[in-house]
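Reading through the structure tokens given below for one structure.
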Amino acid sequence: MGERRRSFGTWCLAFVVLWGVMIPIFALRESTELTVCYLEAARRLRDGEAMFGNWVYPPVLALPVVPLTWLPLVVARLTWIGIQAALLTGMAWMTSQIVLPSSLDPFQRRTRLMAIAVAVIISFKHLISPLENQSHDLLVAAATLAGILLGGRRREAWAGAALGAAAALKVMPILFLPVLLIQRRWRAALAMIGTGAALSLLPDLLFPIHSGPTQLERWVRLALHASDPSVAGGGLWPKWSVLSQNLSSLVTRLTTPTPPEVGLPFDVPLILLSPEVRRLAVAGAQSLVLLLVGATVLAPRRHVLTSRGDDLPFRRLVEGAAVACAMVLIAPHSSKYHFAVVSFAVLACAIDFMERRRDPLVGLLLGGLLALGLFTGRSVVGNTAADLMLAYGSVCLSAVLGLCGCTRVAWIRPDGGDESPGAQVHAHVAPTLSTEAESS
């Protein structure tokens with residue numbers, strides 16, 4: 001009990017320190033998601049008014065912001081920063097629970113701590129972006145990570161509930177549902193459906209709208225006109241924006257003329273395509289993403305091993321990271337602020353590379369992620385170069401590399417052995433021949 005109290009106190013102290021560090025950095029920003037969008041949507045929800053205008057997210061996402069509408073703006077900002085600090089601290093704690101169990105020996109613990117440090121360095125840009133924008137993305141990332149953690153602990157109902165909460169908040173975590181069904185994790189699937197449905201109905205139950213369709217009905221109508229994954233911006237957001245980093249937006253930028261108002265020094269497109277061909281290209285890219293997720297999830301269990309043997313928490317991390325990368329790649333719209341979940345894939349690859357064996361391909365992917373994470377920031381390359389790199393999908397490519405890394409990790413044998421049928425036959429025949437020779 002004493003050790004648990006010390007650990008709890010340490011994490012509470014980490015939260016307070018992080019909150020204190022974040023306040024002077026982020027509290028003075030004039031235009032953020034909180035001030036431009038969230039507070040107004042939450043006020044309308046609270047007052048029973050139609051909340052959609054700048055707000056295009058599920059109604060339940062505004063619920064955590066409703067209490068802030070009764071506070072002065074300065075206090076609301078400080079509280080929202082505190083919520084984000086708590087989410088980031090919670091994600092750090094959950095990460096430690098997944099990859100730093102008490103059963104590790106000192107060498108394994110040092111190795112994994114180094115892997116965490118490497119992952120933080122590589123993912124720093126993705127983790128800091130939601131804080132800069134004061135957006136909701138850490139809330140979705142934390143719920144997703146909770147589902148991964150609880151799945152690794154075989155607490156299936158709670159894992160499904162966490163993933164259902166994530167899906168209710170941002171929709172795209174619904175991609176976890178077919179994974180749960182494929183893995184025959186029935187309790188998790190049912191809990192995910194039930195939790196997602198209950199949370200989706202909650203805003204209208206707590207704050208009924210005065211007249212007309214419910215908030216959920218209004219959002220569904222809006223989503224149906226903004227959820228075409230084959231069109232940049234889903235049919236609602238701008239079709240040509242360097243901030244949009246999902247696959248459909250990247251393909252659009254690479255295949256359509258650059259609008260003059262963007263202000264880039266030269267045209268971005270590599271080739272000009274008709275709308276019909278562009279749709280096919282987007283569909284092909286998205287299908288490839290889903291194939292990689294399927295390959296990751298369906299990898300033989302014996303492949304996803306660590307030095308601790310059949311490490312279920314690590315397997316769930318690899319699978320969950322692959323789905324998380326697919327979430328932001330396939331979404332109708334993914335701003336560069338939405339990619340904090342890529343850190344899950346970076347962590348899985350770093351642990352694989354440093355603990356299992358130094359696979360050259362995983363190392364190459366980590367190098368690419370490092371370059372895209374550290375050497376594309378505005379403070380490093382300047383505004384124009386940073387916008388140009390965003391136009392060519394620097395953040396989108398990070399998710400692609402992370403997904404490829406997860407698939408590679410899922411299929412590597414820890415001993416690096418050959419998995420071909422011929423090699424397996426040889427592995428069984430060779431010991432027999434050797435035994436017969438010794439007997440003779």
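The values are calculated or read from the model by the stated rules, or taken from the named source; none is laboratory data. Fair warning: this is a prediction, and the values are worked out from it, not measured in the lab. Here the Cβ is made from the backbone with ideal geometry for all residues, glycine too, and neighbour counts use every protein chain on show.
Okay, here's what the table says:
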read-out	value
Flag if Leu104 is at negative phi, surrounded by 16 or more Cβ atoms within 10 Å (Cβ to Cβ) and not acidic (Asp, Glu)	yes
Top-ranked residue of segment 168-217 - restricted to ones that are hydrophobic (A, V, I, L, M, F, W, C) and not in a helix (DSSP H, G or I), ranked as modelled with the highest pLDDT	Phe207
Meets criteria (charged (D, E, K, R), modelled with pLDDT under 90 and in a helix (DSSP H, G or I)) for Arg6	yes
Residues of segment 173-209 that turn out to be under 22 Å from the mean Cα position of the chain (by Cα) and under 16 Å from Glu319 (Cβ atoms), as a count	15
Some residue of segment 262-276 being within 20 Å of the chain's Cα centre (by Cα) and outside any loop (DSSP other than H, G, I, E, B)	no
Residue pairs meeting the criteria (Cβ under 7 Å; at least 6 apart or on separate chains; first without any contact (Cβ under 8 Å) to a residue 12 or more places away in the chain, in segment 337-353; second β-branched (Val, Ile, Thr) and part of a helix (DSSP H, G or I))	none
Subset tally (residues that are under 21 Å from Val74 (Cα atoms), under 27 Å from the mean Cα position of the chain (by Cα) and part of a helix (DSSP H, G or I)) for segment 30-60	10
Listing of helices (runs of 4 or more DSSP H) fully contained in segment 353-431 that carry 2 or more residues being modelled with pLDDT of 85 or more and crowded, with 18+ Cβ neighbours inside 10 Å	360-374, 383-391, 394-411
The listed residue being of a type outside the set (Asp, Glu) and within 18 Å of His338 (Cα to Cα), out of Leu206, Leu169, Leu190, Leu199	Leu169
One residue from Val318, Val342 being on the phi < 0 side of the Ramachandran plot, out of contact with any Ser or Thr (no Cβ under 6 Å at 6 or more places or on another chain) and surrounded by 24 or more Cβ atoms within 10 Å (Cβ to Cβ)	Val318
Residue match in segment 112-133 (condition: under 14 Å from the mean Cα position of the chain (by Cα) and not in a helix (DSSP H, G or I))	no
Residue check, Ala223 part of a helix (DSSP H, G or I), on the phi < 0 side of the Ramachandran plot and modelled with pLDDT of 95 or more	no
Answer residue from segment 113-167, given it is over 16 Å from Thr89 (Cα atoms) and of a type in the set (Asp, Glu) and is modelled with the highest pLDDT among those	Glu156
Residue tally, condition in contact with a strand residue (DSSP E or B) (Cβ under 9 Å, 6 or more places away or on another chain) and outside any loop (DSSP other than H, G, I, E, B), over segment 134-162	1
Near pairs, Cβ below 8 angstrom, 6+ apart or cross-chain, from segment 133-158 (without any contact (Cβ under 8 Å) to a residue 24 or more places away in the chain) to any residue that is in a helix (DSSP H, G or I)	Leu150/Glu156; Leu150/Trp158; Leu150/Ala159; Leu150/Ala162
Among the candidates Gly48, Gly82, Gly90, residue that is in contact (Cβ under 8 Å) with a residue 40 or more places away in the chain and at positive phi	Gly48
Filter result (of a type in the set (Val, Ile, Thr) and either crowded, with 16+ Cβ neighbours inside 10 Å or part of a loop (DSSP other than H, G, I, E, B) (or both)) within segment 277-287	Val282
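For (1) under 28 Å from Phe314 (Cα atoms); (2) among the aliphatic types (A, V, I, L, M); (3) surrounded by 14 or more Cβ atoms within 10 Å (Cβ to Cβ), each residue gets a yes or a no:
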{"position": "Val17", "(1), (2), (3)": "no, yes, no"}
{"position": "Leu28", "(1), (2), (3)": "no, yes, no"}
{"position": "Gly53", "(1), (2), (3)": "no, no, no"}
{"position": "Tyr57", "(1), (2), (3)": "no, no, yes"}
{"position": "Val60", "(1), (2), (3)": "no, yes, yes"}
{"position": "Val65", "(1), (2), (3)": "no, yes, yes"}
{"position": "Arg77", "(1), (2), (3)": "no, no, yes"}
{"position": "Thr95", "(1), (2), (3)": "yes, no, yes"}
{"position": "Arg112", "(1), (2), (3)": "yes, no, yes"}
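Residue-by-condition table, conditions (1) touching a Lys or Arg at 6+ places or on another chain (Cβ under 6 Å); (2) within 26 Å of Val171 (Cβ to Cβ); (3) surrounded by 19 or more Cβ atoms within 10 Å (Cβ to Cβ); (4) modelled with pLDDT under 80:
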| site | (1), (2), (3), (4) |
| --- | --- |
| Gly235 | no, yes, no, yes |
| Lys239 | no, yes, no, yes |
| Ile271 | no, no, no, no |
| Ile330 | no, yes, yes, no |
